[in-house]
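Below: one structure, written as structure tokens.
No lab work stands behind these numbers, since they all come straight from the coordinates. None of these values were measured; they are calculated from a predicted model. Methodologically, a virtual Cβ is constructed for each residue, glycine included, from the backbone with ideal geometry; neighbour enumeration extends over all protein chains shown.
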Amino acid sequence: MTNNNRLTTSWGAPVGDNQNSITAGSRGPTLIQDVHLLEKLAHFNRERVPERVVHAKGAGAHGYFEVTNDVSDYTKADFLSEVGKRTPLFVRFSTVAGENGSADTVRDPRGFAVKFYTEDGNYDLVGNNTPVFFIRDAIKFPDFIHTQKRDPKTHLKNPTAVWDFWSLSPESLHQVTILMSDRGIPATLRHMHGFGSHTFKWVNKEGEGVWIKYHFKTEQGVANLAPDAAAKMAGENPDYHTEDLFNAIEQGEFPAWKLYVQIMPLEDANTYRFDPFDVTKVWSQKDYPLIEVGRMVLDRNPENYFAEVEQATFSPGTLVPGIDVSPDKMLQGRLFAYSDAHRYRVGANHQALPINRPRNEVKNYQRDGQMRFDNNGGGSVYYEPNSFGGPQESPEHKQAAYPVYGVADSVANDHNDHYTQAGDLYRLLTEEERSRLVTNIVESMKPVEKEEIKLRQIQHFFKADPEYGRKVAEGLGLPLPQEAR
Ligand code: NDP
């Protein structure tokens, strides 16, 4: 009789002994003919896929999205087509700079990536817990991230590099202010908002477009960790956020977020007082108020971390009809970089893995590639155009036409007010919040090796708000730079 609980090799044969390798005599040496041993050791060596260069440490959960408001005038996206419609989804939260085993409770933006398994294909909303970003042109991304990672000589984090880059890239000031504020260390992954950050375009059934920005507002309320508590937690339980999310869901306390959009008529983009495609800026909610869309609930933990969280691949280019991109230069770079990272990390067929594959049927002419584990299209027609009834394009789902003008050149963005919105945020904070913001900045800047870097950065704070610059200068025991005075 066959024992249906028997241990097998990866080729399915029963294993005779999983405790003792085959040796010449009881003391060895080990014989190379022990193919079970060889396979076991060789597979173990290959257990890791390359970790993500950014967003390596993550936690994920399954859930659903339910439409609570009719937005069909603005988008034909099927999953948003009617109130009450539910779509399954998977979310991955992450820190940005740390490695896969690094502490959760560090001061860092948090990735907030959502994969909606819609009936029209997958839609990935790959954002952060901040509405803006440090830079606005993808060409600066590798340099920026180098400053956030380890110094190539010391293999230590390098505050001089961090502040040198920021001080020479003043477009970072708004995000730096958010990062250094109380919200830079969320209490848990459940207690933070999420943002699409970039501007996207929604297109309705008539082909009319609007620019939009996404906001996920936490129903748990915003809560943050004080730096001392966070540092203590990083030592005692570096996986604190991961554990908190898992336990909350396990105990039936399902975290939820309301999704809102800001909607901007296309023509406003030409006259708005900021470049609405600049990801270092927000659109004031006084100009474009939040409009409710639906509710996201996370109600199921992954069964297997590697299969679901580590192999989950998100890209802002994973779009469905009714949702399109904007000219945002950072977004345009991400359209390439994210999918490329996954092709490298997980493989050319990463989208066929169970966690990534759409719930609707994929029909196209892509074939082969490493680890093609489905039937690879079987005997169906494998080129187009063809006379054999292969799948065909749907012209009604062509991207909406969009006029562009300009001279092809590498030119800086023409909106260079990096100060007003950072200052607006500073002025929005209470006195206690401002004081904690300044303390966090001062503590972070103290180890910076060159005074010139500190003075340059103080000037930026001063331009955002004179009090802001003055207080950071005081905290660092430095005079206000000449220009600021
Ligand atoms: P509003 O007063 O209409 O909005 C202020 C926003 O700031 C709210 O979304 C609020 O979120 C958020 N906020 C409050 N405290 C903090 C904090 N410590 N860190 C980050 N965000 C915080 O003003 P405006 O829309 O005119 O924006 C003013 C400033 O608010 C901006 O310059 C920007 O820095 C910041 N902000 C703006 C957002 C936007 O989309 N317009 C989004 C987030 C921040 P909450 O309701 O959760 O407290």
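Shown here for the range 318-390: trypsin sites (Lys or Arg not before Pro) in loop regions (DSSP other than H, G, I, E, B) with at most 15 other Cβ atoms within 10 Å, namely Arg359, Lys363, Arg367, Arg372. Extension gain, Ser26-Gln482: 0.36 nm per intervening residue step, less the Cα-Cα distance, totals 156.1 nm. Ordering Arg150, Arg136, Arg6 from the fewest to the most neighbouring beta carbons within 10 Å gives Arg6, Arg150, Arg136.
Check cross-link reach from Lys463 to the aspartates and glutamates: straight Cα distance under 13 Å, and skip same-chain residues fewer than eight apart. Partners found: Glu171, Asp417, Asp424, Glu483. Among the listed pairs Lys153/Lys201; Lys115/Lys281; Lys157/Lys281; Lys149/Lys281, those whose Cα-Cα separation exceeds 32 Å are Lys153/Lys201. Cα axis of helix 451-464 to longest principal axis of the chain: angle in degrees, 0 to 90, nearest 10? Between the helix axis and the principal axis of the chain, the angle is about 70 degrees.
What list do you get for Leu41, Leu298, Leu266 if you sort them by fewest beta carbons within 10 Å?
Values: Leu41 11, Leu298 24, Leu266 14.
By the 10 Å Cβ count, ascending, the order reads Leu41, Leu266, Leu298.
Excluding same-chain neighbours fewer than eight residues apart, the aspartates and glutamates reachable from Lys232 by a Cα-Cα span under 15 Å are Asp104.
If a/c stays under 1.5 just call it rounded; otherwise compare a/b with b/c (prolate if a/b is bigger, oblate if not). Do that for the chain, with a ≥ b ≥ c from the square roots of the Cα gyration tensor eigenvalues.
Details: a/c = 1.91, a/b = 1.27, b/c = 1.50.
Because a/c hits 1.5 or more and a/b fails to exceed b/c, the chain counts as oblate.
Cα axis of helix 159-168 to longest principal axis of the chain: angle in degrees, 0 to 90, nearest 10? Long axis of 159-168 versus the principal axis of the chain: about 60 degrees. Taking 19 Å as the straight-line reach from the Cα of Lys40, none of the lysines fall in range once those fewer than 8 positions away in the same chain are excluded. Under the simplified labelling scheme, the Leu266-Asn375 pair shows an inter-label distance of 4.3 nm, with each label point 7 Å from Cα along Cα→Cβ.
Can you give the angle from 0 to 90° between the axis of helix 466-476 and the longest principal axis of the chain, with both taken from C-alpha atoms, to the nearest 10? In the chain, helix 466-476 runs at an angle near 70 degrees to the longest axis.
Going from the fewest other Cβ atoms within 10 Å to the most, the residues Leu353, Leu80 appear in the order Leu353, Leu80.
If a/c stays under 1.5 just call it rounded; otherwise compare a/b with b/c (prolate if a/b is bigger, oblate if not). Do that for the range 285-351, with a ≥ b ≥ c from the square roots of the Cα gyration tensor eigenvalues. Oblate shape, in that a/c is at least 1.5 and b/c is the bigger or equal ratio.
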